[in-house]
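Okay, so here's the structure we're looking at.
FYI, it's all coordinate maths here, none of it is from the lab. This is a predicted model, so every value here is computed, not measured. Here Cβ is always computed from backbone atoms with ideal geometry, including for glycine, and neighbour counts include all displayed protein chains.
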Amino acid sequence: MNTYNWYSQLIKPTWSPPSWIFGPVWTVLYILILVSFGKVFMMAWQKGIPLIIILPFVLNLIFNFSFTPIQFGLKNNFLAAIDILLVLGTLIWAMIAIYPYAKWITYIQVPYLLWVTFATILQLTITYLNR
């Protein structure tokens, strides 16, 4: 069974968005992530912030990029639910960590935070419905 068929057969809540919406939303979010995370890494490289500040940003990228292979490669809703919780947690941590140094980077993460919060609730719901 291919990935599309597998995902389309999962029980999803009625409020689940259509699958076509994810591409455009993530395109915009990845642009925001590229700009803001790029600035954080540049600030760390130039010693404008303590190096430890980049830790939640690095972890967030790892967990974010791990979601698709876990969800659609392994087809494992439970591990995907854990991963999306880690994405949400590291994003909040990153926003708090960078705030004293560059408030705009925290503010530019708000759309990402809203989407990841929604995606977390959606993933947890799908995981529960398909247990």
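Among the residues that make up region 28-46, is at least one of them under 29 Å from R131 (Cβ atoms) and touching a Ser or Thr at 6+ places or on another chain (Cβ under 9 Å)?
Initially, region 28-46 is screened for residues under 29 Å from R131 (Cβ atoms), giving 29.
From what's left, touching a Ser or Thr at 6+ places or on another chain (Cβ under 9 Å): none.
There is no residue in region 28-46 that is under 29 Å from R131 (Cβ atoms) and touching a Ser or Thr at 6+ places or on another chain (Cβ under 9 Å).
Looking only at region 17-41, which residues are out of contact with any helix residue (DSSP H, G or I) (no Cβ under 6 Å at 6 or more places or on another chain) and of a type in the set (S, T, Y)?
Scanning region 17-41 gives S19, T27, Y30.
Suppose the filter is part of a helix (DSSP H, G or I), under 27 Å from M43 (Cβ atoms), among the hydrophobic types (A, V, I, L, M, F, W, C) and more than 16 Å from the chain's Cα centre (by Cα); does W93 pass it?
On the way: part of a helix (DSSP H, G or I): yes; under 27 Å from M43 (Cβ atoms): yes; among the hydrophobic types (A, V, I, L, M, F, W, C): yes; more than 16 Å from the chain's Cα centre (by Cα): no.
For W93, the condition - part of a helix (DSSP H, G or I), under 27 Å from M43 (Cβ atoms), among the hydrophobic types (A, V, I, L, M, F, W, C) and more than 16 Å from the chain's Cα centre (by Cα) - is not met.
Can you find even one residue in region 102-112 that is assigned to a loop (DSSP other than H, G, I, E, B) and at positive phi? Full working, then the answer.
Here is the first cut: in region 102-112, the ones assigned to a loop (DSSP other than H, G, I, E, B) are 102, 109.
Remaining after also requiring at positive phi: none.
No, the conditions are met nowhere in region 102-112.
Residues being part of a loop (DSSP other than H, G, I, E, B), under 20 Å from the mean Cα position of the chain (by Cα) and not hydrophobic (A, V, I, L, M, F, W, C): count how many of those fall in region 14-27. Give the steps one after another, and end with the answer.
First, the residues of region 14-27 that are part of a loop (DSSP other than H, G, I, E, B): 14-18.
From what's left, under 20 Å from the mean Cα position of the chain (by Cα): 15-18.
With the extra rule that they be not hydrophobic (A, V, I, L, M, F, W, C), the set shrinks to 16-18.
Looking only at that region, the number is 3.
State whether one or more residues within region 92-107 are surrounded by 15 or more Cβ atoms within 10 Å (Cβ to Cβ) and closer than 29 Å to N2 by Cβ.
No: zero hits.
Give the residue that is nearest to the chain's Cα centre (by Cα), with candidates limited to residues of region 66-75 that are outside any loop (DSSP other than H, G, I, E, B) and of a type outside the set (S, T, Y). Spell out how you get there, then give the answer.
Restricting attention to region 66-75, the residues satisfying the condition of being outside any loop (DSSP other than H, G, I, E, B) are 66-73.
With the extra rule that they be of a type outside the set (S, T, Y), the set shrinks to 67, 69-73.
On the way: F67: 8, P69: 13, I70: 13, Q71: 13, F72: 15, G73: 17 Å.
Here the answer is F67.
A quick yes/no check of all residues on (1) closer than 17 Å to T127 by Cβ; (2) loosely packed, with under 15 Cβ neighbours inside 10 Å:
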| site | (1), (2) |
| --- | --- |
| S16 | yes, yes |
| I31 | no, yes |
| F37 | no, no |
| M42 | no, yes |
| L51 | no, yes |
| V87 | yes, no |
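Looking at region 1-14, which of its residues are polar (S, T, N, Q) and farther than 16 Å from L122 by Cα? Give the derivation first.
At the first step, the residues of region 1-14 found to be polar (S, T, N, Q) are 2-3, 5, 8-9, 14.
Within region 1-14, N2, T3, N5 qualify.
Say whether the condition of being in a helix (DSSP H, G or I), polar (S, T, N, Q) and without any contact (Cβ under 8 Å) to a residue 60 or more places away in the chain is met by at least one residue in region 48-65. Show your work before the answer.
From region 48-65, those in a helix (DSSP H, G or I) are 51-65; that's our starting set.
So of that shortlist, the ones also polar (S, T, N, Q) come out as 60, 64.
Of the ones still in play, those that are also without any contact (Cβ under 8 Å) to a residue 60 or more places away in the chain are 60, 64.
Within region 48-65 (the criterion being in a helix (DSSP H, G or I), polar (S, T, N, Q) and without any contact (Cβ under 8 Å) to a residue 60 or more places away in the chain), the answer is yes, since at least one residue qualifies.
Restricting to region 1-57, count the residues that are under 30 Å from I98 (Cα atoms) and among the polar types (S, T, N, Q).
Applying the first criterion (under 30 Å from I98 (Cα atoms)) to region 1-57 yields 21-57.
Cutting the leftovers down to among the polar types (S, T, N, Q) gives us 27, 36, 46.
The qualifying residues number 3.
Based on this model, can you work out whether T125 counts as polar (S, T, N, Q), part of a helix (DSSP H, G or I) and without any contact (Cβ under 8 Å) to a residue 60 or more places away in the chain?
no
Output yes when any residue across region 19-42 is of a type outside the set (A, V, I, L, M) and either on the phi > 0 side of the Ramachandran plot or in contact with a strand residue (DSSP E or B) (Cβ under 7 Å, 6 or more places away or on another chain) (or both), and no when none is. Outline the logic, then answer.
Step one: of region 19-42, the residues of a type outside the set (A, V, I, L, M) are 19-20, 22-24, 26-27, 30, 36-39, 41.
If we keep only those that are either on the phi > 0 side of the Ramachandran plot or in contact with a strand residue (DSSP E or B) (Cβ under 7 Å, 6 or more places away or on another chain) (or both) as well, we get none.
So far as region 19-42 goes, no, none of its residues is of a type outside the set (A, V, I, L, M) and either on the phi > 0 side of the Ramachandran plot or in contact with a strand residue (DSSP E or B) (Cβ under 7 Å, 6 or more places away or on another chain) (or both).
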